[in-house]
Structures are given as structure tokens and as C-alpha cells.
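The values are calculated or read from the model by the stated rules, or taken from the named source; none is laboratory data. The model shown is predicted, which means the values in this text are computed figures rather than measured ones. Cβ placement follows ideal geometry from the backbone for every residue including glycine, while neighbour counts extend to all protein chains displayed. What goes into the accessible areas is simple: the full protein's heavy atoms, side chains included, and nothing from ligands, DNA or RNA. Shrake-Rupley method; radii C 1.70, N 1.55, O 1.52, S 1.80 Å.
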Amino acid sequence: MGDNMPEDEHGSALLVREFMEHAVAELPPAHDLVPAAVVQGRRRRARVRVAVAAAVACAVGAVVFGSVVLPGGDGGGTVRPAASTTPSPRTSEEPAPYRTPVHVEPTSDTEDAMADLPPAERERQEEFQQRAAVLLDELLPDEVGLIRPVDLAVWRYQGETADGEVFGVVLSVRPSGSVPRSTRHGDTCPEDPGSLRGGSCEQGTLPDGTKVAAYRLLDGAPDRTYTRVRFAYGHSDAELAVYPDPDAKASAPVTAGQLLAVVRDRRFLDLVRYADANPMEKKQISVMGG
Amino acid sequence: MPENGRGPGAAAGPRAPESFEAFARASQKRLYRTAYLLCGDADTARDLTQTTLAKMFQHWRRASAADHVEAYARTVLTRTYLAERRRRLRDLLAHSRPGPGPSPDHADLRVTLLSALAGLPPRARAMVVLRYWEDQSVESVATLLKCSESTVKSQCSRSLVKLRAQLGEAHVYATGS
């Protein structure tokens, strides 16, 4: 700071520096800006690509226009098919925003982590998680917060709200193995609502007519609920669930009806279809509990 | 010189390329503080820092190949700040009349500093922050702001006189009470 600086100027510089120290010391800490910066950075890249593509299209258009209209061109009386104005999907498509995965260490030696997968399979599962996280973010209620993948398992996600609540989210498509379809789940709500012990159930159907039942059930603690829907799909059992935040003592902010709406969405079913055709979880070896 | 714990000068040495996220996580606090001194309020500083990191992500291949990634980020931050100030000034002139600035006789040191900095033109403010907060040499600041070294020296000298006039009184008041 004091390179060849007069003494009185050096004193002023020290004074300014001292004030700056005070000012930043009182600065409230900023939350982690990196995930949002990554999303913003991807959008910026995409905009540049679109701009370049548009410029190329304009240049090509100008050349075509010139060859038709300008003297010397071969446009005299020649009718040419109009150039397609439909934008290329590649150039007009915004890239999906990137959701920085939440890192969770395995809690036991028997717990598999995605990090242990072969690189190609890990990449495939991470890509699936990104697609799923973005779609769930769109389909689930805003109260669940920003959905991010959890890097421990392909079926694990979590929603984080601005208030700091964290809700566990499960999207699982698991090969059903040898378990007979008829014994896999209760696809219909129980006749006796009392069996739900204070919980509730809502019945629905998928577009193909498959019956599904969504449950809102107590999570052990009074007045704290989780919401879950399970259904058989192809050779798999699919499950979507939102769990409470035990630290915040907050129930999953999703109703059974809202979860039904999610699983009926065509885009959600596309994800399930992909996971059914290209399994990422181990086969079941026993009947899942309902 | 009190130790501020961020060591901008020390952190500006050559470094090996690393992942964007590792760099961003290590740098965001320092960038945020510098942004705060440039813009004067926490929310705008957060936006400025995020935009800077987004630009770094966008050009990470080029940025990570730079000899001094931190210096690259500092340049992006400062130029983004100046561009934003130019844009806001245009908007202000087009749509509204500027209101009164913060009270200059506020006893709080932070407000006094921000008020004094707000009285400087954006480029002069950037020079002051780069020189006296980021410990950048006259040559570095001149390169970053694309001006001559003599311009940096004269602007900084004039700015210090202005700042001293406001901060000096506040400093006496604050330490004497």
C-alpha cells in the first residue's frame, strides 16, 4: 500500500483501511452463493450459444436473401421454398439448471454410496438425479423448497426452504424381482380409515388406469406427518415420498392429493418409465412394507 | 496495519487450476467483502458476488488457466460493478431523480465510511477499494481499470483527501467518546 506514498497520504490510507476493516467486520454473512452462481453461469453460457446461433441464422438468411433479390443472383422468377423458421430444439433449448448435490457420508459399511459406482453408471445416475430434482422442484409445492439430489443414493433427494427447513424426498423405482405384483402394495385405500391411526389416504388412477393410493401418515411424533405414494409400474415398484424435518419439527408440506397430482404428470411418468427400463436400484428380495 | 483475516495480497499468488466449486467456495467471502465496499449494501454485494462467480463459471476454462485466478475474479468483480453503475446511472437519469444520500454526520463508523465512499465517482471508488483494501499496486489497478498509472495515483490521492476529511472527524469522535 505504501509504495512511494507521501507520509500524510500513507496515514490517510491507513485510516481508510481501518474504517474498511470495521465496515466488513459488521457485514452479515452471506449464505453459500456457489449453487446459484453455477445455475446463473449455465444460463449465461446458454444465452451466448443462442445468440451465436441466431447470428449464424441471420448471416445465412442474409446470404439467401441477397442471392434471391440482388442483381446477379439467380432469383429472377425462380420460386424457392421458404426456409424453415422453426428454431432448432438444440439452439432454443435452455439447459436444465444444475442442482448441486447434497453430500452425505455413508453411515455404515453396508450402505452403498454412488461414489463407489463405476464412473459411467455413476454419471448416468447423477444425470437422472438432476432431471428428477428439477422436475420435482416444478411439480411439488413450493413449501418443500429447492429440491437437490443427495449423492448417497439415486433415490434420495432433499428439499431446502429459505427458512432452513430440510425435507427428505424419496423417488425410488426399484425392480420388483420375484415379488408377485398383487402382493406388492396396497393400491387402494383401506376400508377402515381407523387403521391409518390418524393418517389419511386418497385414491387415484394413473393415465393408463393403474390404481394408486397416496397416504399421509404420522411419523412417530404426534402431529408430524409424511406423505407417500407407491405404485407398480412395469417391472418395478415406484415410490414418491416427502418426509418431515425432525429438527424443525415440521410435517412434510405436501398433501396426499398433491402427491397424486405429481405421479399422474406425464413428465414424472417418463422418468419412472426410464428408470423401469434402465434400473438403477437393486432388486427387492422381500415384500415392501406398506 | 490490523490483520483482517482475508489476506487478499497473500491469496493472489499463482495457483494450480482447480474445480470451479472449490475455487468459488474458497473465494466467495473475500469477493463478497470487496463487493460490499464497492457497492455499499449487503444485498447488492451478494448479487454482485454471485454474478461474478457466474461469469467465472461461464469462462472457467479460460479463468482457471490464468496465472492468478483470484486476480481474474477481482477484475471480473470490479468491471461488473462499474458496468452495473453505468447502467443504473442511465436508468436513474431516464426514470427518476436521485434522492438524498445517507447522512454524512452519522457517528457509526461503517455508515460514515460507506457515505464517504458513496461520495466518490464509481471508478475512483473502485481504485480506492483496490488500492487500500485489496492492497493492489498502482500498476495492477491501472491495468485492471485500463488507465494510466498517473491517473490511478492522482485519483487515489484526491480521493484520500476527500475521505480523510469525512473519516478523520468521525474517527476522532468515535475514539474520543
Subject >> Failed criterion for A:VAL173 (all others in (1) open to solvent by 50 Å² or more (accessible area, probe 1.4 Å); (2) in a strand (DSSP E or B) hold) >> reply: (1)
**OP:** From A:SER236, A:SER200, A:SER195, A:SER251, grab the single residue that is over 19 Å from the mean Cα position of the chain (by Cα), among the hydroxyl-bearing types (Ser, Thr, Tyr) and open to solvent by less than 20 Å² (accessible area, probe 1.4 Å).
**Re:** A:SER236
Subject >> Close pairs (8 angstrom Cβ cut-off, 6 or more residues apart or separate chains): closer than 22 Å to A:GLN158 by Cβ and free of Cβ contacts under 8 Å to residues at least 24 places away in the same chain in region A:211-226, in a strand (DSSP E or B) and among the basic types (Lys, Arg) anywhere >> reply: A:LEU217/A:ARG228; A:LEU218/A:ARG224
Original post:
When the residues of region B:109-122 are filtered to those that are of a type outside the set (Ser, Thr, Tyr) and open to solvent by less than 50 Å² (accessible area, probe 1.4 Å), which remaining residue is farthest from the other protein chains (Cβ to nearest Cβ)?
Top reply: B:PRO122
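Scan region B:60-82 for residues that are within 14 Å of another protein chain (Cβ to nearest Cβ) and surrounded by fewer than 16 Cβ atoms within 10 Å (Cβ to Cβ) and report the count. Quick ask: steps written out before the conclusion?
Restricting attention to region B:60-82, the residues satisfying the condition of being within 14 Å of another protein chain (Cβ to nearest Cβ) are B:60-64, B:73, B:76-77, B:80.
Within this subset, residues satisfying the condition of being surrounded by fewer than 16 Cβ atoms within 10 Å (Cβ to Cβ) are B:61-62.
Qualifying residue count for the region: 2.
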**OP:** Please work out if B:ALA26 is surrounded by fewer than 23 Cβ atoms within 10 Å (Cβ to Cβ) and either touching a Pro at 6+ places or on another chain (Cβ under 7 Å) or outside the structural domain of B:ALA83 (by TED's automatic domain parsing) (or both).
**Re:** no
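Might you let me know whether region A:184-195 holds any residue that is modelled with pLDDT of 90 or more and of a type outside the set (Val, Ile, Thr)? Spell out the reasoning first.
Within region A:184-195, the subset modelled with pLDDT of 90 or more is none.
Scanning region A:184-195, I find no residue that is modelled with pLDDT of 90 or more and of a type outside the set (Val, Ile, Thr), so the answer is no.
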